[in-house]
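Step one of this worksheet: look at the structure below.
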Amino acid sequence: MHFAARRPVCERTFVRSEATILHADLDAFYASVEQRDDPRLRGRPVIVGPGVVLAASYEARAYGVRSAMGAAQARRRCPRAIVVEARWEAYLDASKVVFEVFAQTAPVVEKLSIDEAFLDVAGLRRFAGSPTDIAARLRREVREKAGLPITVGVATTRLLAKVASGVAKPDGLLVVPPGGELAFLHPLRVERLWGVGPATAAKLYDRGVTTVGEAAQLGEPALVEILGRASGRRLHALAHNRDPRPVRMRRGRRSFGSQSAFNWSSRSHAALDARVVALVDRVTRRMRTAGRVGRTVVLRLRFDDFTRASRSRTLSRPTAATEPILITVRELLEAAMPMIRRQGLTLVGVTVQNLDGDGAAVQLELPFDGPGRSALDAVLDDVRDRYGSDAVTRAALLGGDPGLSASLLPE
Ligand SMILES: [Mg+2]
């Protein structure tokens, strides 16, 4: 009463700085589904593969097994591990159940991947309880309905909620109270920050920076000098917990596209094909991450005289898989080759439009139903998610795949 009478704006300020953003992330998702479905695997080191490690149970992680590790290395570290083959259908089903729980928990759910999302629970206190209550209930419901452990971080920003869940794993709940953000964040190692992978971390270690607090002290100019402009600025913002982006549904996206400058003067079809492969890779990967599929494939070209042309084809069914989209783009490119030979080429782009679910609420959208994502795509996505997009390079990008580009070679 006194409080409100003395400073009428206080309540509003308080609501804004309340920790209402949840980051919910299933623990060792694929491995947990396997342990759920086969009691013999429970409590034992489980690796989902084969080949590259797609997921490792916490029992396997205790031996140093990590996602994206090669099978041989994983076996050396944990010879007793049970290796099971990935069952994508089971993972998609489980994800669907979990996202239904998310949708019932909060009005705004931002999907990050098949097994994690941000939820904003602002304004729900009166009928659903505090954010901490809601997070605890969410964990219980995921356990009951999907049979899976999930960790939730709660904080005032997306960044911090994600860091909190990372610290709380596995099967945990961690709330970072408003005002306590930097005290929580600064002692942590820099790798805890979103997007700081081994390469970035190594550069920071070289300068004697191992904690977030040390990175924050370094200041923006120094971080820019070490990491480059974009990364340096971003890290500086993150280290000060500056992440003003709200949780949002990301609805209404109409297309996914990527383009790249290209100088045709080299007249190398192999180089052009490699560029196209990279573009398709990037576009389809983003579609799969966003859980979208599309039907119309567009090849965009810009010529030496800055005129532009586009060629498109609509597929019989929507997809987010690399292969059918790449085949289509190559066909379009082949048909455009006479024009490119005549007019040169300065820019090439690939867009996929005519997306499934355009304009509809997408909070339950799930990635790659059926043909959306092949097992290979899934492996590549997984490795890149963890180690950056340069971790895996398709053969054609290395110029090692002449067979695939042969059809574009001049007579
Ligand atoms: Mg996860």
What list of ³J(HN,Hα) values in whole Hz, one per residue of the range 222-239 in order, does the Karplus curve 6.51 cos²θ - 1.76 cosθ + 1.60 (θ = phi - 60°) give from phi, with Gly and Pro shown as x? 5, 5, 5, 5, 6, 10, x, 4, 5, 5, x, 5, 5, 5, 4, 4, 5, 5
Net charge (Lys, Arg +1; Asp, Glu -1) of residues whose beta-carbon lies under 14 Å from that of Leu193, Leu193 excluded, is +4
Using 0.36 nm times the number of residues separating Arg229 and Arg125, minus their current alpha carbon distance, what extension gain do you get? 33.4 nm
Extension gain (nm, one decimal) between Asn263 and Glu100, 0.36 nm per residue minus Cα-Cα: 53.9 nm
Karplus 3J(HN,Hα) series, Hz, for the range 211-219 with 6.51 cos²θ - 1.76 cosθ + 1.60 (x for Gly, Pro): 10, 4, x, 5, 5, 5, 5, 4, x
Partner lysines whose C-alpha sits under 27 Å from that of Lys203, ignoring same-chain residues fewer than 8 away, are Lys162, Lys169
So who's got an amide H within less than 5 Å of the one on Leu315, skipping anything under 5 residues away but keeping other chains? H placed 1.01 Å off N, in plane. Thr296, Val297
Site Met337, offset 7 angstrom along Cα→Cβ, radius 15 Å on amide nitrogen, limited to the range 305-321, gives none
Label-point separation, Asp93 to Ser255 (7 Å along Cα→Cβ), nm: 3.8
Can you give the FRET efficiency to the nearest 0.05 for Glu85 and Gln217, using r as the Cβ-Cβ distance and R₀ = 60 Å? 0.80
Spelling out what I want: for every residue of the range 90-102, take phi, set θ = phi - 60°, compute 6.51 cos²θ - 1.76 cosθ + 1.60 (Karplus), and round to whole Hz; glycine and proline get x. 5, 5, 5, 4, 4, 4, 4, 4, 5, 5, 5, 4, 4
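Report the local net charge at Arg295: Lys and Arg +1, Asp and Glu -1, summed over other residues whose C-beta lies under 9 Å from its C-beta.
0
Below 8 Å, C-alpha to C-alpha, sequence gap of six or more: please give me the relative contact order for the range 20-79 in percent.
That works out to 25 percent.
Where a number appears in this text, it was derived from the coordinates with a stated rule and is not lab data. Everything numeric in this text was worked out from a predicted model, so none of it was measured. All Cβ positions, glycine included, derive from the backbone under ideal geometry; neighbour counts span all protein chains shown.
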